[in-house]
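In what follows, a single structure is set out as structure tokens and then discussed.
Each value in this text was obtained by applying a stated rule to the coordinates, not by laboratory testing. As the structure is a computational prediction, the values presented were derived from the model and not from experiment. Methodologically, a virtual Cβ is constructed for each residue, glycine included, from the backbone with ideal geometry; neighbour enumeration extends over all protein chains shown.
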Amino acid sequence: MRATRMVRIGRRLLAAFCLMTSAGAFAQFPSRPVTIIVPATPGGILDQSSRLVAHELAPLIGQPVVVENRAGGGQIIGMQALLRAEPDGHTMVMGSVGPNAANYSLYSKLPYGPADFAPVAHVVSMSNVLLVHPGVPARTVQELVALAKASPGKLSVASSGNGTSSHLAAEMLKWRAGIDLVHVPYKGAAPAMGDLLGGQVQVMVDNLITALPQIKAGKLRALAVTAGQRAGAAGRAHGCGVRISRLRGHGLGGPAHAGQEPSRSGGLPAPEHRQGAGDAPRQAAPGGDGRGQPADGRD
């Protein structure tokens, strides 16, 4: 991420802070360290991008920028932490498709809604990549599909959590290819990647940025990228014959209503998958117990 882009992000942050705070409060802003909440475990792309933003942003605003990891609950815990913080612009969250989009379809009830948040700055967009452990005897997506069809439910697919981009892309692959992979959700991409490297799980869809070092080292095999063209750095990871979601993006957000209580409050909702008109058929609880609760209890 280039310094010029960080300057643009810094300017957007200051403009957003001006809108989120009163004129009197903004005159002294920032008056203390700024916190970026990461609703995932350390080591994943949400965490890495947040720490890069924090490093570059601090000298622009003249205050330290602290990264705070609040993982769990399908990233809902981190979103709640933002709404419970003082709504004065000193606390933001690194949002993604899971808590900021997918959760509204996956959960019938949430302790927050879209109106509770205000977008601050887009940070990064990237492709996902379909990965397998080298022990899996598949070098193409077609071979992986054939292997999964020959042994339904034998292969497991890791994700960074229910409703995340990696989970949704994997579910789309399963549905469109007609295969049965056991979903194992984690509290972030880093622990999921650790188990994939160790062979405890066999398949994962992750972002290309953090997966690339493992691909180059030969520790993981890339079968396809979710982009419209070949990703040269990933070698032969390109067209897969099965369309799955292309890009994922992350951005900073803040509370929408300074000085007001969030419009929703309460504990974590009971997860459930809801099917609307024209939606693709979904399992009631991928990797879960039939109610949307992860079977392993890790997320």
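A few remarks follow.
- For segment 54-61, backbone phi angles converted through the Karplus equation (6.51, -1.76, 1.60; θ = phi - 60°) give residue-by-residue couplings of 4, 5, 7, 7, 3, x, 6, 9 Hz, Gly and Pro being listed as x.
- Whether segment 160-210 is rounded, prolate or oblate, judged on the alpha carbon gyration tensor where a/c under 1.5 counts as rounded: prolate
- Three-way shape label, segment 34-127, alpha-carbon gyration tensor, a/c 1.5: prolate
- Computed from the Cβ-Cβ distance with R0 of 22 Å, the FRET efficiency linking Ser125 to Trp175 stands at 0.35.
- Anisotropy class of segment 124-225 from Cα gyration tensor, a/c 1.5 cut: rounded
- His55 versus Lys219: modelled label distance in nm, points set 7 Å from Cα along the beta carbon direction: 1.9 nm
- Whole-angstrom gap from segment 116-162 to segment 67-87, using each part's C-alpha centre: 26 Å
- Sparsely packed loop sites in segment 100-156 (the trypsin sites (Lys or Arg not before Pro) outside DSSP H, G, I, E and B with at most 15 other Cβ atoms within 10 Å) comprise Lys109, Arg139, Lys154.
- The modelled label-to-label distance between Ala101 and Ala146, using points 7 Å beyond Cα along the C-beta direction, is 3.4 nm.
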